[in-house]
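Colleague: Before we start, here is the structure in question, set down as structure tokens.
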Amino acid sequence: MKLPVILAALSLPLALSAQQVLVEAESFDDPGGWQLDTQFIETMGSPYLLAHGLGKPVADATTEVSFPSPGEYRLWVRTKNWVEKFADTVDAKAAPGRFQVKIGGQALPHEFGKTGAAWHWEDGGTVTIADTKTTLALSDLTGFNGRCDALLFSKDPAFVPDNSSAVLPAWRRAMLGIPEEATTEGPFDIVFVGGGYSGACGAISAARMGLKVALVQNRPVLGGNGSSEVRVWAQGNTPPGLYPVGDIVREFEDDAKASPGTYEEYEDEKKHNIVTAEKNIALFLNHHAYEVEMESATKIAAVRAFDTRTGAIRRFTARTFCDATGHGTIGLLAKADHEMIDGGRMGMSNMWAWENTDAAQSFPETPWALDLEEGDFPYPKKFHAEWFWESGYDKHPLLDLEEIRDWNHLAGFGAWNAIKNKGAHQRNDPDGQGHKNARLTWMAYVGGTRETLQLLGDVILTEEDIVQKKPFDDGCVLTTWSIDLHYPAEQYEKKFSENPFISVAVHGKGVDRKKGYAVPYRCFYSRNIENLFMAGRNISVTHEALGTIRVMKTCGMMGVVVGKAAAICAKHEVSPREVYYQHLDELVELMRLPGNMRRATLGDAFAVDPALPDLGEPETEWVPRNQLDGIVIDDEEAKLSGNWTHGDGLKQYVENGYHYASPVAAGSDKAATARFEFTVPEDGEYEVRISHQPHENRSSKTPVTVIAADGEKTIPVNQRIAPPLAKGFFGLGVFRFEAGKAGAVVVGNEGADGNVHIDAVQVIPMK
């Protein structure tokens, strides 16, 4: 039976008492133009509504409220002046986040969001409630990020709400009528917390292994940084050469070709449909995990999450859990060993975009934003501000998260004000119109975080491991992004040196971006919480190694491996650690299965699902050796004499490239040869093949000699035309070889009429 898909539920009935009525902003019947923000629950205690209108007031958020009786109530609203924290830098008195409350359609005179750097209950004065049922509205005044957590009406003039930042504090749960007993979901085989590439691809993988899976995501969409909310395009490759754990990632990935890109390019609906098509997945969107129940000091019993629209609590039980939050949320709650560097982290981006229109567009002055001028920031080419609009390098990545996002907005709005109202970057305005028709179209309010902390596993992968290509017997995910670390860009950090907002990427050279480096499985589980996996940017690596593994396609492949390992945990009733120490061979067999194979339950046989795409091998510019049958001798293993040049410009070569040599006349003292030697395992007949990439400057009669048990034979090969066999090979014929006696293929350049090309030799036993 198909497991349920849990989306946003209906608003929870408001709690009534003789004295107070609490209204959570997130439970409004119609949020209007206000956005639900769930990024900072750990620090301020709740989801809230954000008026993110890019300088134009958003539509009212409205709901109907029931009161126990008419009369006089004192109104409290939990809010803040979001720029007051930056009062030393900007004009905080301008208070860009101002809004009013409407009761029964009438706006109260008090403007909220003008005071208070921290979240607090702001006194709105006494209001008259004429009817037991009335409408309530939040009315944005500016379009610049006003925020409201909750409203509380009290008949007791001495009552002051508790401003605790605890998540779901008892008094709020009681007023909202949220039951003390959570609704139990499960038991599941595995619960993934976090719906980015790692969590979503992991859930799909586990479901196709025949597991019962829950996927818990605190946003309304899947994809994480690769969703329409953040718009970071998915990077990293899913290369061949190891295991096809990239199949599901390629199935799930979107069509975005740039950051930030457009809403449509991030294909939220496609991602959602792929996940919900899996009968073994129960998807819980808009659910924020906030508490962990421990069976013992080292084992998780359950994860609690609440519906960010209603506050209703669900309790998820499972054999194993996977922290795919990026922030290491579940690991922290479970007291997993972890490491967070003191400073110098990679930061958070909030990108933005604009367009030219056919009419003049205005934009309000922003005295509350960063006072930016020409040269303070890079001009946003191609109508968007890219990934390098990044800050928070030395801020706490959890406790200061809202401050980091808000600072990014001060920078983004300040830059746009400089462009629109100060004439900055006029050199990029050849028609002299002063960007008068330009309009800001999007700015991410959900931050794209790169680095928080690392949950520690049995292996902590280091930069040295990667650069030196240290082999691990459990290497399973090929990371192909360079060691990419971000730092403040010196050119733009002088004006705001204490909190720069433009970054530069420094790419190391230790990663082969075609073939990748195999990250070990032992980075994907906690070393002290026995049933906790992790996948994504919070896995067990150092800060430097994070620079390569943190990109989304690589993170997605981690999730796929975790999904397969979870199947072994369920089958044998073992821990993630025991998968490595007792069942690594079985994990390897599961990783060899393509993404379009599935089984309904653990007890069923695997079969190809015709409803799933057969993606085949990913397109690459090279052929992995392990895709070839028989004995393969690469050009790098050939014994070379004379002058050979390495090349890689002609694609679909075997492994790392090829060699070529210029032609010489017969008998020349500049003759070059390449000798490919091999020994067959048993006597018999073998087909011998040689590969090349065709080009018009190659020889049409390259002499290739096969040395076999019965003698030698030279075959001329036309290397100007494409070889007829798969993977770029030319058949030299069938020859007899004897075990223990070396055979060889020798290629020379004497008498050739063009460059002689060598790539690989393949020797295949005849059946």
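Nothing in this text is a laboratory measurement; each read-out follows from the coordinates by a stated rule. Note that the structure is predicted; figures quoted are calculated from it, not measured. Heads up, the Cβs are rebuilt from the backbone with ideal geometry, glycines too, and the neighbour counts pull from every protein chain shown.
Colleague: Sort His52, His120, His287 by Cβ crowding within 10 Å, fewest neighbours at the top.
Modeller: Least crowded to most crowded, the residues run His120, His52, His287.
Colleague: Can you list the lysines whose alpha carbon sits under 18 Å from that of Lys571, skipping same-chain ones fewer than 8 residues off?
Modeller: Lys212
Colleague: Calculate the spin-label point distance for Lys270 paired with Glu636, positioning each point 7 Å from the Cα along the beta-carbon direction, and give it in nanometres.
Modeller: 3.4 nm
Colleague: Then there's this: If you place +1 on the Cβ of every Lys and Arg and -1 on the Cβ of every Asp and Glu, how big does the dipole about the Cα centre of the stretch 582-714 come out, in debye to the nearest 20? Kindly include the intermediate steps, with their values, before the conclusion.
Modeller: Details: 12 positive and 25 negative charges, 113 e Å.
That gives the stretch 582-714 a dipole magnitude of about 540 debye.
Colleague: Val608 to Val588: FRET efficiency via 1/(1 + (r/R0)^6), r the Cβ-Cβ distance, R0 22 Å, to the nearest 0.05? Let's see the in-between values first.
Modeller: Numbers: r = 20 Å, r/R0 = 0.90.
About 0.65, to the nearest 0.05.
Colleague: Moving to a separate point now. What is the set of long-range amide H partners of Leu461 at a cut-off below 5 Å, with H atoms built 1.01 Å from backbone N?
Modeller: HN-HN under 5 Å from Leu461: Val541, Thr542.
Colleague: Do you know the Lys pair count in the stretch 5-172 for C-alpha distances under 19 Å, with sequence separation 8 or more or different chains?
Modeller: Taking the Cα cut-off of 19 Å, the pair count is 12.
Colleague: Loop-only trypsin sites (Lys or Arg not before Pro) in the stretch 163-262, please: DSSP not H, G, I, E or B, and at most 16 other Cβ atoms within 10 Å.
Modeller: Values: sites: Arg172, Arg173, Arg208, Lys212, Arg231, Arg250, Lys257; in loops: Lys212, Arg231, Lys257.
In loop regions of the stretch 163-262 (DSSP not H, G, I, E or B), the sparsely surrounded trypsin sites (Lys or Arg not before Pro) are Lys257.
Colleague: Order of Asp140, Asp629, Asp376 from fewest to most other C-beta atoms within 10 Å?
Modeller: Asp629, Asp376, Asp140
Colleague: What distance in nm separates the two pseudo spin-label positions at Ile715 and Lys571, each 7 Å out from Cα along the beta-carbon direction?
Modeller: 4.2 nm
Colleague: Still on this structure: Please enumerate, by chain and number, the lysines with C-alpha under 25 Å from the C-alpha of Lys515, excluding those fewer than 8 residues away in the same chain.
Modeller: Lys515 reaches Lys257, Lys469, Lys470, Lys553, Lys564, Lys639, Lys651, Lys727.
Colleague: Which value in deg cm²/dmol, rounded to the nearest 500, describes the helix-derived mean residue ellipticity at 222 nm for the chain, given -39,500 (n - 2.57) per DSSP H run of n ≥ 4 and division by the residue count?
Modeller: Values: 11 runs with 113 residues, N = 767.
Calculated at 222 nm, the ellipticity per residue is -4500 deg cm²/dmol.
Colleague: Now for a different question. Taking the Cα centre of the chain as origin, work out the dipole magnitude from +1 charges on Lys and Arg Cβ and -1 charges on Asp and Glu Cβ, in debye rounded to 20. Intermediate values should be presented prior to the final figure.
Modeller: On the way: 75 positive and 105 negative charges, 116 e Å.
That gives the chain a dipole magnitude of about 560 debye.
Colleague: Which of Met558, Thr542, Asn596 sits farthest toward the positive end of the charge dipole of the chain, with +1 on the Cβ of Lys and Arg and -1 on the Cβ of Asp and Glu?
Modeller: It is Asn596, whose Cα lies furthest towards the positive end.
Colleague: Residue by residue through the stretch 750-759, which ³J(HN,Hα) values in whole Hz follow from phi under the Karplus form 6.51 cos²θ - 1.76 cosθ + 1.60 (θ = phi - 60°), with glycine and proline marked x?
Modeller: Values, residue by residue: 6, x, 6, 10, x, 5, 8, 10, 10, 9 Hz.
Colleague: With each pseudo-label sitting 7 Å past Cα toward Cβ, what's the Thr705-Thr262 distance in nm, one decimal?
Modeller: Roughly 6.3 nm, to one decimal.
Colleague: With a cut-off of at most 14 other beta carbons within 10 Å, and DSSP calling the residue loop, which trypsin sites (Lys or Arg not before Pro) in the stretch 521-618 qualify? Please list them.
Modeller: Sites meeting the loop and neighbour criteria: Arg592.
Colleague: Around Ile466, what is the net charge, scoring Lys/Arg as +1 and Asp/Glu as -1 over all other residues with Cβ under 14 Å from its Cβ? Kindly include the intermediate steps, with their values, before the conclusion.
Modeller: Values: positive: Lys469, Lys470, Lys509, Arg513, Lys515, Arg550; negative: Glu463, Glu464, Asp465, Asp484, Asp512, Glu544.
Result for the local shell: 0.
Colleague: To continue, here is another question. Could you grab the relative contact order for the stretch 622-765? Cα pairs under 8 Å, six or more apart, rounded to a whole percent.
Modeller: The normalised contact order for the stretch 622-765 reaches 36 percent.
Colleague: For Thr441, enumerate residues with amide H under 5 Å from its amide H, sequence gap 5+ or separate chain, H modeled in the peptide plane.
Modeller: So Thr441 has HN proximity to Ala353, Trp354, Glu355.
Colleague: Students often get this wrong, so try it: which of (i) 40, 36, 23; (ii) 58, 32, 20; (iii) 40, 30, 27 is semi-axes √(5λ) of the Cα gyration tensor in Å as calculated from the structure shown?
Modeller: From the options (i) 40, 36, 23; (ii) 58, 32, 20; (iii) 40, 30, 27, the structure gives (ii).
Colleague: Using alpha-carbon positions, what is the distance between the centroids of the stretch 517-582 and the stretch 88-163, in Å?
Modeller: Using only Cα atoms, the two centres lie 46 Å from each other.
Colleague: Apply 1/(1 + (r/R0)^6) to the Cβ-Cβ distance of Glu498 and Asp156, taking R0 = 45 Å, and write down the FRET efficiency to the nearest 0.05.
Modeller: In this case the efficiency is close to 0.50.
Colleague: In sequence order, what are the phi-derived ³J(HN,Hα) couplings for the stretch 293-298 according to the Karplus relation 6.51 cos²θ - 1.76 cosθ + 1.60 with θ = phi - 60°, rounded to whole Hz, with x for glycine and proline?
Modeller: So the Karplus estimates, Gly and Pro as x, are 9, 9, 6, 8, 5, 10 Hz.
Colleague: Now for a separate question. Expected output is a single nm value to one decimal: the length gained when fully extending between Tyr487 and Ala742, i.e. 0.36 nm times separation in residues minus the C-alpha distance. What is it?
Modeller: The Tyr487-Ala742 span can extend by a further 86.3 nm.
Colleague: From the residues Asn356, Thr329, Phe316, which one has its Cα farthest along the dipole of the stretch 315-364 in the positive direction, the dipole being from +1 and -1 charges on Cβ of Lys/Arg and Asp/Glu about the Cα centre?
Modeller: Phe316
Colleague: I've got another one for you. Please name which of Gln762, Ser699, Phe737 has its Cα lying farthest along the dipole of the stretch 622-765 towards the positive end, using unit charges on Cβ (Lys, Arg +1; Asp, Glu -1) and the Cα centre as origin.
Modeller: Positive-end residue among those listed: Ser699.
Colleague: Right, next: Tally Lys and Arg at +1 and Asp and Glu at -1 over the other residues with C-beta under 15 Å from the C-beta of Tyr521: what net charge comes out?
Modeller: Neighbour charge sum, excluding Tyr521 itself: -2.
Colleague: If you filter the stretch 438-508 for GluC sites (Glu not before Pro), then keep DSSP loop positions with at most 10 other Cβ within 10 Å, what is left?
Modeller: Passing both the DSSP loop test and the Cβ count: Glu498.
Colleague: Using Cβ counts within 10 Å as a stand-in for footprinting exposure, how do Met346, Met591, Met340, Met552 rank, fewest first?
Modeller: Met340, Met591, Met346, Met552
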